[in-house]
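Presented below is the structure to which this report refers.
The values are calculated or read from the model by the stated rules, or taken from the named source; none is laboratory data. Given the structure is predicted, the values throughout are model-derived calculations rather than measurements. Counting neighbours? That spans all protein chains shown, and the Cβs are built from the backbone with ideal geometry, glycine included. What goes into the accessible areas is simple: the full protein's heavy atoms, side chains included, and nothing from ligands, DNA or RNA. Shrake-Rupley method; radii C 1.70, N 1.55, O 1.52, S 1.80 Å.
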Amino acid sequence: MKPIAFIRASGSHLPPRVVDNHELSQSLDTSHEWIVRRTGIVKRHIAENHDTTSGLATIAAQKALDNAKISAHDIDLVVLATSSPDHGFPATAARVQAELGISKGTAFDVQAACAGFIFALQAANNMIRLGQASRALVIGSEIFSRLVDWQDRSTCILFGDGAGAVVLDSEYVEDTSFPSLKRGIVECTTRVDGTGYHKLFARSGLGDLHANSDIHKHGVFMNGASIFKAASSLMAEGVSSLINKHQIHIQDIDILIPHQANLRIITSMASSVGIPEKNIVVTVDKHANTSAASIPLAIDHAFNQKQLKKGQNVIITALGGGIAWGSALIKT
Ligand code: ACO
């Protein structure tokens, strides 16, 4: 018998303040029509000054624990994906662990920009499969509104704030292969191509040459067209390679949850893998791009809408700065 990890429940939290495209167009040379046509985004949630990335994460994680009907004391691993941590150190996961009253195990952050949740899921899944943890919280939490330059219309309109979390539980099974697995994370794959580092990055960190200058102190820098192409093709490639490896057909996938960056990226990727629109979870219209929080927010939304149910074959896929990307095949 070997341990495997399965998603027991999810939770999410969005800061209550909603900023729609009409509000943005009052302070920026943009329009609701342009943003919807080029991105599919209608509105986004924006954190208040008193909000923290750990605070959003703690609320989402507590909701996931409540939905899983387990106590924080049963959690022995917290993995948190974020590009907007509370501090340079310690890990934001440590703060969330303390806030939740978790008194055992370990906690750490993962940074892979918009693909962060899949990297975090991979780490937690591997630790559970190695017997190093038994119950994990995997969280994506971001306050991207503090990273973007609100004068830069080509990037600031794309992002929003929020947090999502899943509780990973474990069980022992004879056969860990798909489709024998009744439920669980079948496989998580991640990739990085660091030669794409400057295609998408946020302001300088303390270790950069520009740390003490005014250059790169604000904003997100993005080669939009190049990221668009990479996201559409590499997320599609990730889905196809999981399907091929596990010898299933795209028709066997009940639900696809892609990173929510841009509706045009989602539809282009979906049409190249041949999955019908009704099988794709879309939240980008309501949440915009919440980076590492986008997939767990979409998972929780889909569970709440009953689009995602127990016993389904699900693929999640994401791409972000790095360039980092990853996909996972999950039986819910
Ligand atoms: N409102 C109005 N006009 C705008 C805006 C805006 N908010 N932003 C740019 N424009 C203008 C540009 O100035 C340009 O004007 P010009 O033709 O007079 O020079 C025109 O619109 C077209 O600009 P493009 O950058 O070519 O617009 P494009 O159609 O490529 O859309 C976008 C830009 C939406 C950013 C697109 O490139 C994209 O979605 N890229 C993917 C990037 C992404 O989603 N990044 C998120 C992080 S990475 C990730 O999560 C995968």
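For residues in region 109-138 being of a type in the set (Val, Ile, Thr) and within 15 Å of VAL192 (Cα to Cα), which is least open to solvent (accessible area, probe 1.4 Å)?
The initial filter retains those residues of region 109-138 that are of a type in the set (Val, Ile, Thr), namely 110, 118, 128, 138.
Filter once more, so that each one left must be within 15 Å of VAL192 (Cα to Cα): 110, 118.
Numbers: VAL110: 22, ILE118: 1 Å².
Here the answer is ILE118.
One residue stands out in region 241-260 among those that are open to solvent by 20 Å² or more (accessible area, probe 1.4 Å) and part of a loop (DSSP other than H, G, I, E, B): the one that is farthest from the ligand (Cβ to nearest atom), namely GLN247.
Filtering GLY205, GLY238, GLY219 for residues that are more than 21 Å from the chain's Cα centre (by Cα), more than 11 Å from the ligand (Cβ to nearest atom), in the same structural domain as LEU263 (by TED's automatic domain parsing) and in contact (Cβ under 8 Å) with a residue 24 or more places away in the chain leaves a single hit, GLY205.
Listed here are the residues, each with its yes/no results for (1) away from the ligand (no atom under 12 Å from the Cβ); (2) under 30 Å from ARG203 (Cα atoms); (3) in contact with a strand residue (DSSP E or B) (Cβ under 6 Å, 6 or more places away or on another chain).
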{"residue": "ALA133", "(1), (2), (3)": "yes, no, yes"}
{"residue": "ALA136", "(1), (2), (3)": "yes, no, yes"}
{"residue": "SER141", "(1), (2), (3)": "yes, yes, yes"}
{"residue": "ILE157", "(1), (2), (3)": "no, yes, no"}
{"residue": "GLY160", "(1), (2), (3)": "no, yes, yes"}
{"residue": "ASP175", "(1), (2), (3)": "yes, no, no"}
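Here GLY140, GLY116 are screened, and the one residue that is in a helix (DSSP H, G or I), in contact with a helix residue (DSSP H, G or I) (Cβ under 7 Å, 6 or more places away or on another chain) and within 21 Å of PHE6 (Cα to Cα) is GLY116.
Of the residues making up region 297-332, those that are within 16 Å of the ligand (Cβ to nearest atom) and either among the β-branched types (Val, Ile, Thr) or not in a loop (DSSP other than H, G, I, E, B) (or both) number 12.
The sole residue among HIS45, HIS32 that is under 20 Å from LEU158 (Cα atoms), away from the ligand (no atom under 16 Å from the Cβ), assigned by TED's automatic domain parsing to the domain that holds TRP150 and surrounded by 15 or more Cβ atoms within 10 Å (Cβ to Cβ) is HIS45. Looking only at region 222-235, residues that are of a type outside the set (A, V, I, L, M, F, W, C), over 18 Å from the mean Cα position of the chain (by Cα) and open to solvent by less than 70 Å² (accessible area, probe 1.4 Å) come to 3 in all.
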